[in-house]
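The values are calculated or read from the model by the stated rules, or taken from the named source; none is laboratory data. All values reported here derive from a predicted model rather than from experimental measurement. Quick reminder, even Gly has a Cβ in these numbers, built from the backbone with ideal geometry, and neighbours come from all protein chains shown. The protein model used for the area step is the full one, side chains on, heavy atoms only, and it has no ligands, DNA or RNA in it. Shrake-Rupley method; radii C 1.70, N 1.55, O 1.52, S 1.80 Å.
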Amino acid sequence: MAFFRGYSSCEGVGTLRALTVRPGEQGSLRVEEVPDPVPREGELLVDGLALGICGTDREIAAAEYGWAPPGEDRLILGHESLGRVAQAPEGSAFAPGDLVVGVVRRPDPVPCPACARGEFDMCRNGRYTERGIKAIQGYGSERWTVEPAYAVKLDPGLERVGVLMEPATVLAKAWDHIERIGSRAWFQPERVLVTGAGPIGLLAALMGRQRGLEVHVLDRVSGGIKPDLVRELGGVYHKGSVPEAVGDTKPDIIIEATGVGPIVFDAVENTASAGIVCLTGVSAPGRRLQVDAGAINREIVLENDVVFGSVNANLRHYELAAQALAAADRSWLEHLITRRIPLARAHEAFEPDPGDVKVVLDLAAG
Ligand code: BGC
């Protein structure tokens, strides 16, 4: 049995199942028995309910990303968590039975000025760690532990959809920063275009509607549930290119969620004046594209446009995301989860299906 630091290795202590991988080694993904996690002083012990699987997890499984904790060779995968508190220390703000989500990132140890101020999503020295991604074990096990300061309590009614919290935090941050950038001058956006109708794009669209904006979503598929999900939000679904979707009425904001090079550049060129483009898609390096750099630069300058990247989220964004999910239509949120797979069959979640929006592992299914 592999030994996981922070997990008990004592004889006689129970085991549970976890989804693990050896970062950097293809084909190393497996569900295996690991020792029961032992909460450190002050920590919560949580029964895992669900784990969302995203592109980052697939990249880690494909040996393209990810780091095991120092001194260990396997990483427990999983950063899109949902669980129920099994044990909480006396006097903590949590009690057994609470529905909770664990925060992904931890500040760097220096800490840098951003991490020192709780803005670890903006870490300046890159020495942050991330559960299930970078140097700390993830939430992909039947039980996990978490520090109360990095646990967020959810409305009990969100049990079926609370696993969407982490991707929602990424968009809560993106919108927060869009609004902060917008406030540099008069800002009254009317229209947003979202490129990509995966979970990130659809949650971006949801938050656009919650702000009362006219929402357009562009994706490459015409079938499946994505067009209906957009229409149910009151948005307009487009298939095709960014210029086709935009037509004569350019959006004030574009949230790019595909990471596909030509779409990224189309987005940059197709906002209204003083437009804001927020890039959220992580793309694979190595693909070259011919662009008219002069024209793009000229457009950005002459129109006061802003193009910025956004990743991760801090505690303030977890609160904003919890509010956004609580205010959303539950059945719409449930429809985003297109497959729920028992942990034992976790491999299936890593084989994408064209009908997928969000694939979730059921950690309590046995
Ligand atoms: C996660 C972020 C994380 C990023 C980079 C994304 O999938 O949602 O929380 O910061 O990967 O590791």
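Structural remarks
- Filter result for the condition that a residue is outside the structural domain of Leu51 (by TED's automatic domain parsing) and of a type in the set (D, E, K, R), over Arg340, Arg298, Arg345: Arg298
- Every condition in (1) in contact (Cβ under 8 Å) with a residue 60 or more places away in the chain; (2) open to solvent by less than 70 Å² (accessible area, probe 1.4 Å) is met by His335 except one, and the failing one is (2).
- Selection within the stretch 301-317 - closer than 20 Å to Ala257 by Cα and open to solvent by less than 70 Å² (accessible area, probe 1.4 Å): Asp305, Val306, Val307, Phe308, Gly309, Ser310, Asn312, Ala313, Asn314, His317
- Members of the stretch 113-133 that are basic (Lys, Arg) and closer than 20 Å to Asp176 by Cβ: Arg117, Arg124
- Set Gly118, Gly102: member being crowded, with 24+ Cβ neighbours inside 10 Å and in contact with a helix residue (DSSP H, G or I) (Cβ under 8 Å, 6 or more places away or on another chain): Gly102
- The helices (runs of 4 or more DSSP H) located wholly in the stretch 187-304 that include 3 or more residues which are in contact (Cβ under 8 Å) with a residue 40 or more places away in the chain and closer than 19 Å to Asp356 by Cα occupy 199-210, 226-233.
- Count of residues meeting criterion [away from the ligand (no atom under 15 Å from the Cβ), touching a residue at least 12 places away in the same chain (Cβ under 8 Å), open to solvent by 30 Å² or more (accessible area, probe 1.4 Å) and in a helix (DSSP H, G or I)] in the stretch 163-186: 1
- Residue check for Glu159: open to solvent by 50 Å² or more (accessible area, probe 1.4 Å), touching a residue at least 24 places away in the same chain (Cβ under 8 Å) and either within 16 Å of the ligand (Cβ to nearest atom) or touching an Asp or Glu at 6+ places or on another chain (Cβ under 9 Å) (or both): no
- Taking first residues from the stretch 125-137 that are over 17 Å from Cys54 (Cβ atoms) and partners that are open to solvent by less than 30 Å² (accessible area, probe 1.4 Å) and at pLDDT below 95, the Cβ contacts under 7 Å between residues at least 6 apart in sequence or on separate chains come to Gln137/Phe4.
- Failed item, numbered, when Asp108 is tested on (1) within 16 Å of the ligand (Cβ to nearest atom); (2) touching a strand residue (DSSP E or B) at 6+ places or on another chain (Cβ under 6 Å); (3) assigned by TED's automatic domain parsing to the domain that holds Ile53: (2)
- Only one entry of Lys134, Lys153 meets the criterion of being open to solvent by 30 Å² or more (accessible area, probe 1.4 Å) and under 15 Å from the mean Cα position of the chain (by Cα), and that entry is Lys134.
- Checked across the stretch 198-210, the condition of being surrounded by fewer than 24 Cβ atoms within 10 Å (Cβ to Cβ) and under 20 Å from Leu51 (Cβ atoms) holds for at least one residue.
- Residues being outside any loop (DSSP other than H, G, I, E, B) and either over 15 Å from Leu49 (Cα atoms) or of a type in the set (Lys, Arg) (or both) - total across the stretch 88-107: 2
- Restricting Pro107, Pro70 to residues that are touching a Cys at 6+ places or on another chain (Cβ under 9 Å), open to solvent by 10 Å² or more (accessible area, probe 1.4 Å) and of a type outside the set (A, V, I, L, M, F, W, C) narrows the list to Pro107.
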